[in-house]
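Enquirer: This is the structure I have questions about; it appears just below.
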């Protein structure tokens, strides 16, 4: 006896079509956002790992469905007014869909879902290895996606709901975001005794011992060669402003962002080192406790406040709250380890 009549078969097919169309719409919206973000279909297709022809078809399907043109092709590729409106509503809709999915994930035993975290490449490398091991023990079915960009880019991604939370640097307070400071990092100076003896043969030994004990102001080292970061780097900008205020023009011999290279060549120039880099060195066992060439810096120098940033009106699911807890604990551990490396605190 046939268990399915024509009405049952039609109902199953009809419901399947609705589900497929809904999924295709969400996918089309996600593709549309990526094209709007890139401002170029070929670049967006490359990022999405689909063909340009397929991506164009998704955009055309949206335009036909809503009876609008979403992008102007000439004289430049950009959103039309209808495209701008769609971007606004689609971002809201996808955010609501993500919130719904996250809420259901909390209700379902096992917690299935996706957690999108933003951080710089250096900080994801330093912190998320240990965090991951602990997180996966509790939430093995949550897919964690780490987006590695600078803080300004991460804030834009947070506000457009492309990530759920981020670890940001020197993030100002704003009405739409919650900024939770974790630590404040202070620069230190890598200063070689051999460099001091080369440029100050009579006082180099005495100066070196004094700097190790009391710290050093960069203005006291203006007779020595310096390694500096590129001119666009925030640390470099602040240091250059300090020098300019005192009419000091340091002797730059190397410009690089590579702190490993700076430390390797420390006998040739003075360089500024960040606590996060010392932490990476500690993790790889390439820094001994009480590293003798790391000297405390005195004076009004820039510091870095590291914060967790979330949206104020966003209700994060339980599995995201647990990630926030692990990040806080990992940064407390980071602070303790770095401050134990030397005779002075680098993190407050």
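The values are calculated or read from the model by the stated rules, or taken from the named source; none is laboratory data. Source: prediction; values computed, not measured. Note: ideal-geometry Cβ built from the backbone for every residue, glycine included; neighbour counts use all protein chains shown.
Enquirer: Filter segment 249-266 down to the residues that are exposed (fewer than 13 other Cβ atoms within 10 Å of the Cβ) and closer than 21 Å to residue 219 by Cα and list them by number.
Expert: Of everything in segment 249-266, those that are exposed (fewer than 13 other Cβ atoms within 10 Å of the Cβ) and closer than 21 Å to residue 219 by Cα turn out to be 249, 251, 252.
Enquirer: Can I ask one more? Give segment 193-218 a look and list any residue that's modelled with pLDDT under 90 and part of a loop (DSSP other than H, G, I, E, B), or say none.
Expert: Within segment 193-218, no residue meets the criteria.
Enquirer: Please specify each residue of segment 173-213 satisfying the condition of being in contact (Cβ under 8 Å) with a residue 40 or more places away in the chain, surrounded by fewer than 19 Cβ atoms within 10 Å (Cβ to Cβ) and farther than 24 Å from residue 334 by Cα.
Expert: If the condition is that a residue be in contact (Cβ under 8 Å) with a residue 40 or more places away in the chain, surrounded by fewer than 19 Cβ atoms within 10 Å (Cβ to Cβ) and farther than 24 Å from residue 334 by Cα, then 175, 176, 193, 194 are the ones that fit.
Enquirer: Let me ask something else. With the condition being more than 23 Å from residue 195 (Cα to Cα), I'd like the strands (runs of 3 or more DSSP E) fully within segment 219-334 carrying at least 2 qualifying residues.
Expert: 303-311
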